[in-house]
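Reading through the structure tokens given below for one structure.
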Amino acid sequence: MTVAARNSIPALAGLDDLDRAIINGLQGGFPVCDEPFAAVGADLGVDGDEVAARIENLLAVGALSRFGPLYHAEELGGGLALCAMKVPEADFDRVADQVNAFPEVAHNYARDHAFNMWFVLATETPEGIGETAGRIERATGLRVYTMPKLQEFFVGLRFEV
Amino acid sequence: MALSLDATDRRIVLATQKGLPLCARPYHAVAEDLGLDPAEVQARIRRMLETGVIRRIGVVPNHYALGFRGNGMSVWDVPDDRIEELGRRVGDLDFVSHCYHRPRFLPEWPYNLFAMVHGRDRDEVRAKVAQVAEVIGDADRGHDVLFSTRILKKTGLRLVA
């Protein structure tokens, strides 16, 4: 990212080289050992307390959304699926409220397409996906297109700031 | 369940899914909260990394705060017998955060390859989608990009352990 682009982004304006090294370098590979922050700090030329304090600050200013292990939801035994609906524009807000009322709906986005509502279902069991989709269909009167992943090629995003 | 997680693993998942503590010995802190031996907590976390239950441990940048505000879900109709090769190559592009094979719903939804593309704005996303199109080449039987227009719900994925 260029300096000009960086300075136009509030969350990045106050970051120094160490912050950027943490954001760029710690997107995976945080060590599992007794004193992992000290181990990371040794590579960056600072002590472990400084690394932990920087991460705490980056979380507080919103440059990071989380820090810790990223779990693979399906491997934990639950169900997970992307679902789409084609919602008539006049009914959109009603349907959004009905869909969002289901605790199994983890996130829900409006998108600019005939398939205009896209949400992720997360259920305790794999069978819960079909059951919940059926309940959403009955509540809304609209078809739910369930699009579970058949194969995963890549998940993750490498950001350079 | 694909991988055998026992009750202790599940307690560790529940204790860490929101993040690791920002203290000098974070795995010791988790162990103390759960009444476990710190070495055992580390051994179990290492095992979950090896088996893929944990994708990785580290920081997750808030891409929106970092200026990546044009996120487009690119969707592609490619021949099923080439999806594995193409999915891997598209997933290797550094601006693609998620790349999946998902089911079609013919005739309304012909797309079987999904690649989430990130950029600073929609124009940058469109330019990157053009790069994806180059990778897919003559296997591209049609594609579209769905931009999100509104977040209707965002609770974060609560893992069930």
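The values are calculated or read from the model by the stated rules, or taken from the named source; none is laboratory data. Nothing here was measured: the structure is a model prediction, and the numbers come from that model. Every residue, glycine among them, receives a Cβ derived from its backbone with ideal geometry; neighbour counts consider all protein chains shown.
Given the criterion outside the structural domain of B:Arg11 (by TED's automatic domain parsing), surrounded by fewer than 16 Cβ atoms within 10 Å (Cβ to Cβ) and modelled with pLDDT of 95 or more, identify the matching residue among B:Arg158, B:Arg102, B:Arg126, B:Arg141.
Working: B:Arg158 fails: modelled with pLDDT of 95 or more; B:Arg102 fails: surrounded by fewer than 16 Cβ atoms within 10 Å (Cβ to Cβ); B:Arg126 fails: surrounded by fewer than 16 Cβ atoms within 10 Å (Cβ to Cβ).
Exactly one residue qualifies, and that residue is B:Arg141.
Would you confirm, using the coordinates I've provided, whether B:Asp94 is among the charged types (D, E, K, R) and in a loop (DSSP other than H, G, I, E, B)? Steps first, answer last, please.
Details: among the charged types (D, E, K, R): yes; in a loop (DSSP other than H, G, I, E, B): yes.
In short, yes.
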(message) I need every pair where a residue in segment A:14-34 that is of a type in the set (Gly, Ala, Ser) has its Cβ under 6 Å from the Cβ of a residue that is not in a loop (DSSP other than H, G, I, E, B), sequence separation at least 6 or different chains.
(response) A:Ala21/A:Leu44; A:Gly28/B:Arg56; A:Gly28/B:Gly58
(request) Mind listing whichever residues of segment A:116-147 are more than 7 Å from chain B (Cβ to nearest Cβ), within 22 Å of the chain's Cα centre (by Cα) and in a loop (DSSP other than H, G, I, E, B)? (result) A:Asn116, A:Thr125, A:Pro126
